[in-house]
Amino acid sequence: MFSTDAAKNIALGGSAADPVHLGHLGMLRAIVDLRRFDKILWVLNGASLEKPSLAPSNLRLRMAVQAFDEAGLLGSAPSVELVLDEMSSVGLTALRRYRQIRREYPAAREIRLYLGADAVVPQERYNGRCEIAARWSEGERLIQDAQFLIIPRQGYPDPRLLDLPQNFEVFDPVPPVPEASSRVIRACIANGMPWEHWVPECVARVIKTHKLYGWKGGAS
């Protein structure tokens, strides 16, 4: 799935990007600007058994490629690689993907799974557990096995104040990542509320052209 090379420090992350938004771009830019990783992998999940209502993967990939390219992230140094992972539909969990990367890069000094703080803060809806432990397949084992880089997000507690395991490193200083949420964006589109300020123009054009997420207006 991934192109192997002599990368010694690798950052691995991604999402369904349904749709990709300015928060995704801000997080990735912050990781690039660290100049700590030789390769940064963003895995865009394909079809999902847990999220059957995802927009078609080819359109989500198009939005991500255009957004990352316009932001100057693709082909930048360090290397940023965007990968569509259709295997997510048959249970390639985050834990198994992390282990796969460790096998494909046996000489890597460091492999970090980068996530927004929303995935690790305890939440009432999960009875005080974090999203990884409560909702992710093999999440408890992932917490034990993987090395993490946690990026603070607006609207969530500062992860530096949490009692996280030693394999969790918190991004410091806090990067200027815009507040955005794919779930909120989809809800705003479906309900006719403003949403374009959360996404690049190229992403808004794809959404309107293909009438994604219940868009009822005209194409750009």
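I'd like to verify a number: residues in segment 152-201 that are buried (at least 19 other Cβ atoms within 10 Å of the Cβ), of a type outside the set (Gly, Ala, Ser) and in a helix (DSSP H, G or I), how many?
Number satisfying all stated conditions: 5.
Among VAL174, VAL206, VAL170, which is the only one that is at pLDDT 90 or above and more than 26 Å from SER53 (Cα to Cα)?
On the way: VAL174 fails: at pLDDT 90 or above; VAL206 fails: more than 26 Å from SER53 (Cα to Cα).
The conditions single out VAL170.
Are any residues in segment 41-100 at pLDDT below 75, more than 20 Å from LEU113 (Cβ to Cβ), among the hydrophobic types (A, V, I, L, M, F, W, C) and assigned to a loop (DSSP other than H, G, I, E, B), and if so, which ones?
Hits for segment 41-100 are ALA47, LEU49, ALA77.
Can you name the number of the only condition in (1) more than 24 Å from ASN45 (Cα to Cα); (2) surrounded by fewer than 18 Cβ atoms within 10 Å (Cβ to Cβ); (3) within 19 Å of the chain's Cα centre (by Cα) that ARG125 fails?
(3)
Residue-wise test of (1) β-branched (Val, Ile, Thr); (2) in contact with a Gly (Cβ under 8 Å, 6 or more places away or on another chain); (3) within 21 Å of SER57 (Cα to Cα).
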site	(1), (2), (3)
SER182	no, no, yes
ILE185	yes, no, yes
PRO194	no, no, no
HIS197	no, no, no
GLU201	no, no, yes
THR209	yes, no, yes
LEU212	no, no, yes
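Cβ contacts < 9 Å: first residue free of Cβ contacts under 8 Å to residues at least 40 places away in the same chain and surrounded by fewer than 17 Cβ atoms within 10 Å (Cβ to Cβ), restricted to segment 70-81; second residue among the charged types (D, E, K, R) and not in a loop (DSSP other than H, G, I, E, B), any location; separation 6+ or different chain. Result?
Short answer, once both residue conditions are applied: GLY72/ARG29; GLY75/ASP69.
Does VAL206 qualify as being outside any loop (DSSP other than H, G, I, E, B) and touching a Lys or Arg at 6+ places or on another chain (Cβ under 7 Å)?
For VAL206, the condition - outside any loop (DSSP other than H, G, I, E, B) and touching a Lys or Arg at 6+ places or on another chain (Cβ under 7 Å) - is met.
Condition check ((1) of a type in the set (Gly, Ala, Ser); (2) under 22 Å from ALA94 (Cα atoms); (3) within 17 Å of the chain's Cα centre (by Cα)) across all residues:
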| site | (1), (2), (3) |
| --- | --- |
| SER137 | yes, yes, yes |
| LEU142 | no, yes, yes |
| LEU149 | no, yes, yes |
| PRO152 | no, yes, yes |
| ARG160 | no, no, no |
| VAL170 | no, yes, yes |
| ALA180 | yes, no, yes |
| ILE185 | no, no, yes |
| CYS188 | no, no, no |
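With the condition kept exactly as written, say whether any residue in segment 116-123 is at pLDDT 90 or above, assigned to a loop (DSSP other than H, G, I, E, B) and in contact with a Gly (Cβ under 7 Å, 6 or more places away or on another chain).
Scanning segment 116-123 turns up at least one residue that is at pLDDT 90 or above, assigned to a loop (DSSP other than H, G, I, E, B) and in contact with a Gly (Cβ under 7 Å, 6 or more places away or on another chain).
The values are calculated or read from the model by the stated rules, or taken from the named source; none is laboratory data. For clarity, every value in this text was computed on a predicted model and none was experimentally measured. Positions of Cβ are generated from backbone atoms using ideal geometry, with glycine treated the same way; all protein chains shown enter the neighbour counts.
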